[in-house]
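Notes follow the structure.
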Amino acid sequence: KQWYQRRVRVMALGSTLPYHIAIVFGAFYVMKEEGLLLDPMALLTSVPVVEMPMLMKFYWLLILSFALHQYPEMYFMRVKNEEMPNKIIGYTAFIVPVTAAYVTGLVYPGTVVLIIHCLIEIMNAIATVMDSVGKQELAQPFYKMWSIGFIPARAAITGLCAVSFLNIRGSEGVSPARLLACTVVLGGMVALQFYLAANFIRTVLSWRSAAKEVELAQKKADNFWQQRKEANKEAKKARAEKRVAKEAAGKTD
């Protein structure tokens, strides 16, 4: 059973790890071809996009295609029924904002958001795969990088959404309906970042609490065996004294 669970975890993360890496490299390639690496401020000023470049559209359609294919993939991965709700929520929480950003034309800031998000998830995926195959000592550095970078990544995405909203509001030619749609998408993205950050902090605190409970239980177990050992010593000593006293009494008789 443990081997099966490890195999499922490795297969699940083994499929998403190349996906996250491809998102990052694909984003840099698209920005390079669009000339955005030399002019990163254009990522913020070119929002929302009215006519999306073909390469950028192809990149985002690939992302949406893979994200949607994760739903039927759960059947082939033989995901257990009790694990499906969490996975469905996780996939949906990724697909909904990505789709909304694509529809509203927020693809340029959305690409930066994907880079930030995927860089952190790459660390987590590598660590979990290594941990699943029994390489805990190699997994720990990646876990630390993921845990250290998770909250700053949420803060960076939140700041990017705020800057994008200010640029859209100050842009000319943006219709009220489009401004409202972009505002809803950016507001939902910010709310999602706060939820992820709060859930992460809550999870870390629960891990620390569980670790303290395990440490306390270990100390109690150690104290119990130490007391047991001392009691055995005292009992052995008492038996020896009793034996000596009995032998001395026999000699006296």
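The values are calculated or read from the model by the stated rules, or taken from the named source; none is laboratory data. All values derive from a computational prediction rather than experimental measurement. Note that we place each Cβ from the backbone using ideal geometry, even for glycine, and neighbour counts take in every protein chain shown. Protein only, heavy atoms only, side chains kept; ligands, DNA and RNA dropped before computing areas. Shrake-Rupley method; radii C 1.70, N 1.55, O 1.52, S 1.80 Å.
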Qualifying residues in the stretch 104-149 (those that are among the aromatic types (Phe, Trp, Tyr) and buried (at least 19 other Cβ atoms within 10 Å of the Cβ)) - the one farthest from Leu36 (Cα to Cα): Phe142
Selected residue (only one of Gly159, Gly173 is outside any helix (DSSP H, G or I), of a type in the set (Gly, Ala, Ser) and within 30 Å of Leu55 (Cβ to Cβ)): Gly173
Residue in the stretch 57-65 that is among the aliphatic types (A, V, I, L, M) and exposed (fewer than 13 other Cβ atoms within 10 Å of the Cβ) present: yes
The stretch 46-78 - residue that is charged (D, E, K, R) and assigned to a helix (DSSP H, G or I) and, of those, nearest to Arg178 (Cα to Cα): Lys57
Count of residues meeting criterion [surrounded by 12 or more Cβ atoms within 10 Å (Cβ to Cβ) and at pLDDT 75 or above] in the stretch 40-56: 4
Residue in the stretch 192-215 that is modelled with pLDDT of 75 or more, aliphatic (A, V, I, L, M), surrounded by fewer than 10 Cβ atoms within 10 Å (Cβ to Cβ) and assigned to a helix (DSSP H, G or I) present: no
Residue in the stretch 80-89 that is open to solvent by less than 70 Å² (accessible area, probe 1.4 Å) and in a loop (DSSP other than H, G, I, E, B) present: yes
Residue ID - modelled with the highest pLDDT, chosen from residues in the stretch 159-184 that are in contact with a Cys (Cβ under 9 Å, 6 or more places away or on another chain) and open to solvent by less than 50 Å² (accessible area, probe 1.4 Å): Ser164
